[in-house]
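Values quoted throughout were computed directly from the atomic coordinates according to the rules given, and no laboratory measurement underlies them. Nothing here was measured: the structure is a model prediction, and the numbers come from that model. Reconstructed Cβ throughout: ideal geometry from the backbone, glycine too, with neighbour counts over all protein chains shown.
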C-alpha cells in the first residue's frame, strides 16, 4: 500500500483516442522537441486535442486561443530564426494625431501628417510580412524538393488559421457574441492538424492522407478545405494537382485563393529571376472542357501575376476552352502579355490560340491577340525572325482569310516589322542579314495588302506599336 498523497497526476478524463493524423503529428512534434529547451509544443498540442473533444463553452474558447498560440510558437520551437520586432501602432497613431489634430481635420492633411501616415502603412506592411516569416521558414525547410519558395496560399492559410483562432477566442470579450460552438472548434483543430501534418511530418505521411482524399468519388467542400490544409510545399501541390480529377474542380474553386494564386517571380540573385511552375494551372487546363464558364472565370482572376510561366499556362487554358469562352479571355491575356518575359514564354501559344479563334469565326479577337504578340517584337530586336516565322505565320493567314475587315489593323505594325526585316536601324547587323533571308513577312504583308482597309477599333497605329515604357525585366 502507498501512504500519503499520491504524486501521480489524477484525471477523470478517459485516454485520448487519436486519429492517425493526430498521432503522427504528436509523434513528430515529440521527436523534434527532444533536444529543444523551450518552448515545447507537443504538450500544448495534446492539451488542445483534449479541449477539442469537450462540449464545455469555456473549453472551446481555450482551444481557439491555444490554436493561435501553437501556430505562433511552433517555428521558434523547431529552431527557426525569427525577427523579433513589433509595430507600435499606438505610437504611430499618436504621432499621426499630433501632426493632424482633430480641430483641423476638415482640411486636407498637411505634409507631416502624410509622412506619418506613410510610415504607418509601410510598417504595417512590414509587420504583415513578418507574420508569415516563421511559417515560410518552417515550410521551406520541410520541402524535400528544395523548390526555393513556399506557395503563397500555404502562408495565407497559416496566418488566416491563426486569425480565425484569435477571432473565436476573443468572442469572450463581447457579450453580444456567442461562444464558439464545439463543432467550430473541432473544425479549427482538424484544420490545424492537417497544417501541422504537412509542415512537420515526413513527406509520405502527409501524402498518404492526400491519397486517401484523392480516392473520393464525390469530394465535398469540406474535403477540399482539408486538402488545402495538407498542401504546404510546391512538391505537395504538384503531387495533388497532377492526380486530381474533374470532380474536384468546384469544391477546390470554393477554397479562397487556392486556384487563383500563381507563384510570383523569384529573385535568384545576380540579376536573374526564376519563373516557378503552377500546378493549379495544369489542373485547370486538364479540366477546362468540363466547366468552361467556371474555368474561364478562375483563369481571368490569375492574370495580375508577374510570372510569365503562369501567363503562358493561362493561354494554354484558353486553348483548352470552347472558342466562345476563350474569346472572353483575349482582352485580359493581351494585357498580361505586356508583362516582362511573358511573350517569350507565351507567344507561340498565343499564336495558336489566335489561329483557333479565327477558324471559329472570332477574327476580331484573333487579330487583337496577334497585336499583343507583335508589339514586343517591335520593341526589341531579339528573336524577330522567330516571332515572324513561328508566331505570326499560320495565325495571320487564317485571320486574313476569315476576317478581312479586321486585318488592316495589323498593317502598320507589320510594315514596321518589314522595315526591320530589311535590316533597318533597329536591327543589329548580325541579325539583319539573317532576317533578310526570311520570306514569311513579305508574304504576310501581301495578304494584308489584299484586304480592304477598314480600321480596327483599338488597332495599333505606327506611333503606338512600341511596348509602353515600364521597368526592364531582369
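Some notes on this structure:
- Once both labels are positioned 7 Å from their Cα atoms along Cα-to-Cβ, the gap between residue 133 and residue 359 label points is 5.4 nm.
- Segment 248-349 shape via C-alpha gyration tensor axes, a/c threshold 1.5: oblate
- Going from the fewest other Cβ atoms within 10 Å to the most, the residues 67, 181 appear in the order 181, 67.
- Note on segment 179-262: the alpha carbon radius of gyration divided by the globular reference 2.2 N^0.38 Å gives 1.08.
- Computed from the C-beta positions of residue 27 and residue 80 and an R0 of 22 Å, the FRET efficiency is 0.60 to the nearest 0.05.
- Neighbour counts of other Cβ atoms within 10 Å put 231, 265, 214 in the fewest-to-most order 214, 265, 231.
- Here the simple spin-label model places points 7 Å from the Cα toward Cβ, and for residue 256 and residue 216 these points are separated by 2.0 nm.
- Theoretical gain in end-to-end length, residue 94 to residue 242 [0.36 nm per residue, Cα-Cα removed]: 48.0 nm
- Cβ-Cβ FRET estimate between residue 117 and residue 274, R0 fixed at 35 Å, reported to 0.05: 0.50
- Note on residue 324 and residue 266: with the Förster distance fixed at 35 Å, the Cβ-Cβ geometry gives a FRET efficiency of about 0.45.
- Packing-based exposure ordering (other Cβ within 10 Å, fewest first) of 54, 42, 304: 304, 54, 42
- Nitroxide proxy distance, nm - points 7 Å out along Cα→Cβ at residue 304 and residue 335: 1.0
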